[in-house]
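Below: the structure, in structure tokens.
No lab work stands behind these numbers, since they all come straight from the coordinates. Being a predicted model, the structure only gives us computed values, none of them experimental. Positions of Cβ are generated from backbone atoms using ideal geometry, with glycine treated the same way; all protein chains shown enter the neighbour counts.
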Amino acid sequence: MVSTESRTFRVAVAGASGYAGGEFLRLAARHPALEVGTLTAHTNAGARLGATQPHLRSLADRVLEPTTPEALAGHDVVVLGLPHGASGEIAAQLPDDVLVLDLGADHRLASAADWEKFYGSAHAGTWPYGLPELLHADGAGAVTGAQRDHLAGARRIAVPGCNVTAVTLGLQPGVAAGLVSPADVVAVLANGYSGAGKSLKPHLLAAEGLGSAVPYAVGGTHRHIPEIVQNLRTAGAPEVSISFTPTLVPMSRGILATVTARLAPGHEDATAADVRAAWAAAYADEPFVELLPEGQWPTTAATLGANTALVQVALDAAAGRVVTVTAIDNLVKGTAGQAVQAMNLALGLPETAGLVTEGVAP
Ligand SMILES: NC(=O)c1ccc[n+]([C@@H]2O[C@H](COP(=O)([O-])OP(=O)(O)OC[C@H]3O[C@@H](n4cnc5c(N)ncnc54)[C@H](OP(=O)(O)O)[C@@H]3O)[C@@H](O)[C@H]2O)c1
């Protein structure tokens with residue numbers, strides 16, 4: 001019998017000309033158990049991959065096919081790096097025994113009402129959620145497990161949103177431990193431009209963005225809000241209220257999420273050491289989430305190209321708030337690396353296969 005670890009899995013990537021699909025291919029090209037099969041696109045169908053992803057040298061001569069179920073057939077794994085709303089229909093036409101990883105939002109939310117409110121279209125359904133480190137907690141301060149326990153053997157995985165990953169990883173230890181109040185969370189993020197995808201929009205032009213920091217989706221409208229609420233509930237929060245404000249800053253990759261929350265009732269006297277202990281316990285055994293040494297703050301530069309989330313936490317005693325800062329590369333731990341990590345778990349491969357924690361610096 002061939003063991004899972006020595007098998008090769010053939011992967012197709014839809015949306016291979018986009019940022020998320022391209023990043024998955026960068027990781028797939030060096031993954032020990034993946035063989036890259038069909039690549040598809042939309043307006044770029046018929047072009048060489050090298051024309052849209054000039055950094056993917058080993059795949060440069062592959063020709064992009066139109067995105068159809070027929071083109072995606074005959075693979076063990078299919079990755080959908082498509083705009084939200086486009087993956088539901090195509091996924092429904094793929095066989096049940098194929099592992100489908102949706103990098104888009106279509107299958108992340110459990111609530112159809114939340115989907116319709118924030119995305120304005122029909123809900124495509126809910127898949128197992130691909131954030132392995134998401135804590136499951138009982139709401140009384142006890143951690144009962146993590147999302148990775150639910151991914152073995154999965155054949156449909158909804159890969160989390162990039163902002164959602166940063167905010168969830170930053171705050172969840174305090175929520176799961178019952179130390180912070182999820183009823184008063186404030187998150188402000190600095191975001192690199194690749195988070196917006198490759199399609200041409202005037203406000204994403206270099207002339208608009210270089211030398212400027214630009215807030216967007218202000219006032220409770222960002223589509224990642226219900227997904228963050230869903231995660232914090234899984235981490236034990238009874239009710240969540242979050243003010244969430246992303247800001248585009250002139251960098252191509254990276255998210256720096258600053259998330260603050262009040263100390264929970266009954267924990268107002270918690271010390272900085274109490275707070276740090278909760279975060280340290282949550283991430284002690286995580287291969288990709290690291291609580292930095294005290295006093296060292298995360299930077300996006302330290303995560304570029306890596307599947308790493310760097311986290312720091314402090315107590316602002318005067319304000320009665322816990323402050324967390326988390327840095328990730330939106331295209332790696334925020335998308336494609338996270339997808340590989342969840343895929344590894346689903347296929348029975350080592351969770352860390354094909355992934356690195358070392359970033360590209362300076
Ligand atoms: N960028 C990130 O940091 C990030 C992070 C997390 C999740 N995601 C999610 O990943 C998905 C892809 O994002 P992205 O940033 O890679 O976007 P992108 O750079 O704009 O790429 C979109 C891809 O989808 C293809 N496409 C566009 N419309 C299509 C349609 N109607 N049918 C089939 N294919 C279509 C495009 O093909 P052509 O180029 O040929 O037109 C392109 O390959 C989105 O759902 C996004 O929310 C992105």
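Electrostatic bookkeeping for residue 102 treats Lys and Arg as +1 and Asp and Glu as -1; over the other residues with beta carbon under 10 Å from its beta carbon, the sum is +1.
If both residues of a DSSP beta bridge must be in the chain, then about 50% of such bridges are antiparallel. Under 4 °C and 1.567 mPa s, how fast does segment 134-186 diffuse according to Stokes-Einstein, given a Kirkwood radius computed over C-alpha pairs? Answer in µm²/s, whole number. Rounded to a whole number, D works out at 105 µm²/s. Here the Gaussian network model covers the chain, with springs between Cα atoms less than 10 Å apart; of 336, 158, 51, 51 fluctuates the most. When only Cα pairs below 8 angstrom with a gap of at least 6 residues are kept, segment 1-134 shows a relative contact order of 21 percent. For the chain, the mean residue ellipticity at 222 nm estimated from helices alone is -6500 deg cm²/dmol, where every DSSP H run of n ≥ 4 contributes -39500 (n - 2.57) and the total is divided by all residues, rounded to the nearest 500.
Footprinting exposure proxy ranking of 107, 203, fewest other C-beta atoms within 10 angstrom first, gives 203, 107. In the chain, Cα pairs under 8 Å separated by at least six residues give a relative contact order of 17 percent. Here the 3J(HN,Hα) profile of segment 223-232, calculated from phi with Karplus coefficients 6.51, -1.76 and 1.60 at θ = phi - 60°, is 5, 7, 4, x, 6, 5, 4, 4, 5, 5 Hz, Gly and Pro shown as x. Using modelled backbone amide H atoms (1.01 Å from N, in-plane), which distant-in-sequence or interchain residues come within less than 5 Å of residue 289's amide H? Sorted by chain and number, the residues that satisfy this are 309.
Ordered by the number of other Cβ atoms lying within 10 Å of each residue's own Cβ, fewest first, 343, 251 fall into the sequence 251, 343. Would you kindly give the portion of the calculated P(r) for segment 163-330 that falls above 22 Å, as a percent of all Cα pairs? Counting every Cα pair in segment 163-330, those more than 22 Å apart make up 42 percent.
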